[in-house]
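The next block holds one structure in the form of structure tokens; read it before the comments.
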Amino acid sequence: MKKVLIATTALVCSAGFATADVKISGYGRTGIDYQEDRTIGGVDANETQIISRLRMNVDASKTTDSNVDFGARFRIQWDQNNSVRGDGGVINAGQLWVRSQGLTVAVGNVGSAYDDAELISDAEVGIYDRSFADAAGAFFTYESSPYDGDAVAGSEYRLGLSAEYDFGPFATKLSYIDPDQSGTDEAEDTFGLEEEYALSVFYEADRFSVSAAGVLNGAGIEDNDQYFIGGAYKLRDTIQVGLNLIDNGEDRFIDVNDNDADGDFTEILEESVGTTIALYGSFAFTPVTTFEAYVANNDSDGKETDTAFGLGVNYDLGGGRLSAAIERGYEEQIRADAGVRFDF
């Protein structure tokens, strides 16, 4: 990914920052998004809309005389039609990290080892990189917005720690996230929030790769444990197939819509998100054109069908891509997209 170096007068005037590096990276994308029977906030909405995103990661790093790297990151992101980031770019919660001899330790707004597991999102298609085969359970992720104090994103007192280590063909990551290290968040009394623990491992050799991950108390929900295992194999340089198995655990939510029709809008409900099995693959038709497809099965209750599938195509522009996809979800509704993305 091409990086843009930002030179400032502080770097020039201060000898202590002589070896510092400040960079901006990210991407922009825009496309047509169609969703059959689309609703927004429970209200019928236009099925076809233009949805765009601009993401800018601001990374600062410094290498010490002892060859230890220190760094930090902020993200600025705007998402068209997003309830949090739709009216302007938003700066998220920050992250600090230190790296030495293949080990990276981060604190702050860290990515979950479960969400960051290799292969777990490889069934995604289209310009918006989405899939009904993705992990569907509740778990913490790297937040592109400020913490908003709800039971999933956590509060301003959220604490995240992670450690990553790469050694040859192996890679592993461990994360720990406490939704409220202060012990004062009222949501803790409502949801019984717990610390989340996650671990992922990855191995790659020649044409074969395998990944596994698990998370305990996903999104701070007690006993919301989830697991993933996946493998991918390159049949040849132009063809790859993969198989994922995801146990999505249980979700917990306040019944504000009285889903169980008992007249209680404040009770807490739990429901199984089921197990998802996904078969996916990609085929490089030409050096610049790649087709992608997946079929997924999820066994949770309350859906029109247990099977979803999608087909996508990417055209490489060299630093950007044109993409399109069509999918049918578990409610037997169609969604489709087409657009362009460029990375910088």
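The values are calculated or read from the model by the stated rules, or taken from the named source; none is laboratory data. Small disclaimer: the values here were computed from a predicted structure and weren't measured. Note that we place each Cβ from the backbone using ideal geometry, even for glycine, and neighbour counts take in every protein chain shown.
Please indicate, with yes or no, whether at least one residue in segment 315-325 is of a type in the set (Asp, Glu) and modelled with pLDDT of 95 or more. The answer is yes, given that some residue of segment 315-325 is of a type in the set (Asp, Glu) and modelled with pLDDT of 95 or more.
Take the residues in segment 117-148 that are among the aromatic types (Phe, Trp, Tyr) and touching a residue at least 60 places away in the same chain (Cβ under 8 Å); name whichever of them is nearest to Asn314 (Cα to Cα). Going through the qualifying residues, I end up with Tyr128. Being in contact with an Asp or Glu (Cβ under 6 Å, 6 or more places away or on another chain), among the hydrophobic types (A, V, I, L, M, F, W, C) and closer than 30 Å to Met56 by Cβ is a property that Ala338 lacks. Tell me whether segment 213-230 contains one or more residues that are at pLDDT below 95 and either among the β-branched types (Val, Ile, Thr) or under 15 Å from Asp122 (Cα atoms) (or both). Within segment 213-230, one or more residues are at pLDDT below 95 and either among the β-branched types (Val, Ile, Thr) or under 15 Å from Asp122 (Cα atoms) (or both).
Conditions (1) surrounded by fewer than 14 Cβ atoms within 10 Å (Cβ to Cβ); (2) of a type in the set (Gly, Ala, Ser); (3) farther than 15 Å from Val107 by Cβ; (4) at pLDDT 95 or above, marked per residue:
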| residue | (1), (2), (3), (4) |
| --- | --- |
| Arg158 | no, no, no, no |
| Ser162 | no, yes, no, yes |
| Thr172 | no, no, yes, yes |
| Tyr176 | no, no, no, yes |
| Ala187 | no, yes, yes, no |
| Gly192 | no, yes, yes, no |
| Leu199 | no, no, yes, yes |
| Phe202 | no, no, yes, yes |
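For segment 37-71, filtered to residues that are part of a strand (DSSP E or B) and of a type in the set (D, E, K, R), the residue that is modelled with the lowest pLDDT is Asp44. Of all residues in segment 296-322, those satisfying the criterion of being among the aliphatic types (A, V, I, L, M) and either in contact with a Ser or Thr (Cβ under 6 Å, 6 or more places away or on another chain) or under 20 Å from Gly137 (Cβ atoms) (or both) are Ala296, Ala308.
Could you check, for segment 14-36, whether at least one of its residues is at pLDDT 95 or above and not in a strand (DSSP E or B)? Yes, the conditions are met somewhere in segment 14-36.
Residue check: is Thr48 under 23 Å from Ser131 (Cβ atoms) and either among the acidic types (Asp, Glu) or more than 23 Å from the chain's Cα centre (by Cα) (or both)? Yes. Contact map, segment 218-237: first residue farther than 18 Å from Thr141 by Cα, second residue of a type in the set (Lys, Arg), Cβ cut-off under 8 Å, separation 6 or more or different chains; pairs are Tyr233/Arg207; Lys234/Arg207; Leu235/Arg207. On the stretch given as segment 268-308, residues that are in a strand (DSSP E or B) and either among the hydrophobic types (A, V, I, L, M, F, W, C) or touching a helix residue (DSSP H, G or I) at 6+ places or on another chain (Cβ under 6 Å) (or both) total 13. Residues in segment 50-79 that are buried (at least 16 other Cβ atoms within 10 Å of the Cβ) and either in contact (Cβ under 8 Å) with a residue 60 or more places away in the chain or closer than 21 Å to Ile32 by Cβ (or both): Ile51, Arg53, Leu54, Arg55, Arg75, Gln77, Trp78, Asp79.
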